[in-house]
Amino acid sequence: DIVTIGMLSLPCGWLCTTIGLPTMFGYIICGVLLGPSGLNSIKSIVQVETLGEFGVFFTLFLVGLEFSPERLRKVWKISLQGPCYMTVLMIAFGLLWGHLLQIRPTQSVFISTCLSLSSTPLVSRFLAGSVRGDKEGDIDYSSVLLGMLVMQDVQLGLFIAVMPTLIQAGVSTYSSIFKEILRILILIGQILFSLAAVFIVCLVIKTYLIGPYYRKLHAESKGNKEILILGITAFIFLMLTITELLDVSMELGCFLAGALISSQGHMVTEEIMSCIEPIRDFLAIIFFASIGLHVFPTFVIYELTVLLFLTLSVVIMKFVLAVLVLSLILPKTSQYIKWIVSAGLAQVSEFSFVLGSRARRAGIISREVYLLILSVTTLSLLLAPALWRAAIMKCVPRPERRSST
């Protein structure tokens, strides 16, 4: 399966490059051609998806490598407030539409939460190689965008924890609703405790461990890059294991691993990036191909008008909500970046595939709603590069524009 994806990704990627589209489109098309809706030659879909997840891990590690902890500290308030406000507004709109269309509240909450999440791996690819130093008194859009995406990953972990309660709420009587609310509050407390524990672990590693560890790796890898690559990969896996054990997303652990190593200086960052980027690029191809495995072209063609309307509605709604929220929380000197950050957030996370599958099995949503979520998610991911490029062309000053696109 991996060999087939590797061979077919090349002509698909070349084709997209020739007609001026991002190569990720080609990899998604490769997944469509080889998946259940195409030639059906991929038999081990779960294994392919699992290997693709490693592409997400290395992508987030490299993004974390380009963002020092000091840089993220400047935008932590915006990163915390922005996703929370956006999720609450999306759920409010979802409940309103659900009431008008006579959809169950639990189903409305689930769909709204799914649609409120944005794709961290996709936006990380947009940001890769486009990070610049902050202007005096200004905030860099990439720091704000990445901080908000990291917070959304935390929200995702919280939603997965609350999901069984949401299922139970659909069949609960009013006498047990109080217990369910109490359980949700306890879960939120556990998440906050886990985040505090992760912060303390990172502080200890940054202060006492990361410096000696890297110096030892650097000394041992003279003339032998294998040791350096293995050492860095082991550190990434250690951090994602720690965050997983503390009930926080593994993706956050990968990002923190990069941020911790970036504290060792620019030279260290450059050396590690040159070693890890080729691994990331190959695994990212498998990740985007695994997205294509979930696309059903026949369903998209039959329901094309409805799907285009829904996708455009979701993208526009997320863009507008992000602009409104950022207008309220961004400093006046950095208001221009709200358009770029909003463009980066105006798509749906590929993790909705996983959430939708779980909700389908649990009976929260029907098969038709599940296919709608998959199709809208995929179409929004396909629209995302065009929207991002338009925002960069309009809002980024000319000297910075070339490296961003």
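The values are calculated or read from the model by the stated rules, or taken from the named source; none is laboratory data. In this text the structure is predicted, and so the values were computed from the model without any measurement. Glycine gets a Cβ as well: all are built from the backbone with ideal geometry, and neighbour counts include every protein chain shown. For accessibility, only protein heavy atoms count, side chains too; no ligands or nucleic acids. Shrake-Rupley method; radii C 1.70, N 1.55, O 1.52, S 1.80 Å.
For the reader, a short list of remarks on this structure follows.
- Residue count, the stretch 349-370 (criterion: within 20 Å of PRO105 (Cβ to Cβ), open to solvent by less than 40 Å² (accessible area, probe 1.4 Å) and of a type in the set (Gly, Ala, Ser)): 3
- Selection of the stretch 327-348 for residues being among the charged types (D, E, K, R) and surrounded by fewer than 21 Cβ atoms within 10 Å (Cβ to Cβ) yields only LYS332.
- In the stretch 3-21, the residues that are surrounded by fewer than 21 Cβ atoms within 10 Å (Cβ to Cβ) and either modelled with pLDDT under 90 or in contact with a helix residue (DSSP H, G or I) (Cβ under 7 Å, 6 or more places away or on another chain) (or both): THR4, LEU8, LEU15, CYS16, THR17, THR18, ILE19, GLY20, LEU21
- Of all residues in the stretch 39-66, those satisfying the criterion of being more than 19 Å from ILE242 (Cα to Cα), more than 15 Å from the chain's Cα centre (by Cα) and open to solvent by less than 10 Å² (accessible area, probe 1.4 Å) are ILE42, VAL48.
- Any hit, the stretch 152-173, residues being buried (at least 17 other Cβ atoms within 10 Å of the Cβ), modelled with pLDDT of 80 or more and assigned to a helix (DSSP H, G or I): yes
- Residue list for the stretch 85-114, restricted to those being under 16 Å from the mean Cα position of the chain (by Cα), of a type outside the set (Ser, Thr, Tyr) and more than 13 Å from ALA322 (Cβ to Cβ): CYS114
- When the criteria are applied in full, SER290 meets the requirement of being of a type in the set (S, T, N, Q), within 21 Å of THR120 (Cα to Cα) and part of a helix (DSSP H, G or I).
Residue-wise test of (1) hydroxyl-bearing (Ser, Thr, Tyr); (2) at negative phi; (3) modelled with pLDDT of 85 or more.
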residue	(1), (2), (3)
MET273	no, yes, yes
VAL295	no, yes, no
TYR302	yes, yes, no
LEU312	no, yes, yes
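- The stretch 371-399, subset open to solvent by 20 Å² or more (accessible area, probe 1.4 Å) and of a type outside the set (A, V, I, L, M, F, W, C), residue modelled with the highest pLDDT: ARG389
- Hits in the stretch 265-280 - residues which are out of contact with any Lys or Arg (no Cβ under 9 Å at 6 or more places or on another chain) and either outside any helix (DSSP H, G or I) or touching a residue at least 40 places away in the same chain (Cβ under 8 Å) (or both): GLY265, VAL268, THR269, GLU271, ILE272, MET273, ILE276, GLU277, ILE279, ARG280
- Hits in the stretch 296-311 - residues which are free of Cβ contacts under 8 Å to residues at least 24 places away in the same chain and open to solvent by 80 Å² or more (accessible area, probe 1.4 Å): ILE301, TYR302, THR305, PHE309
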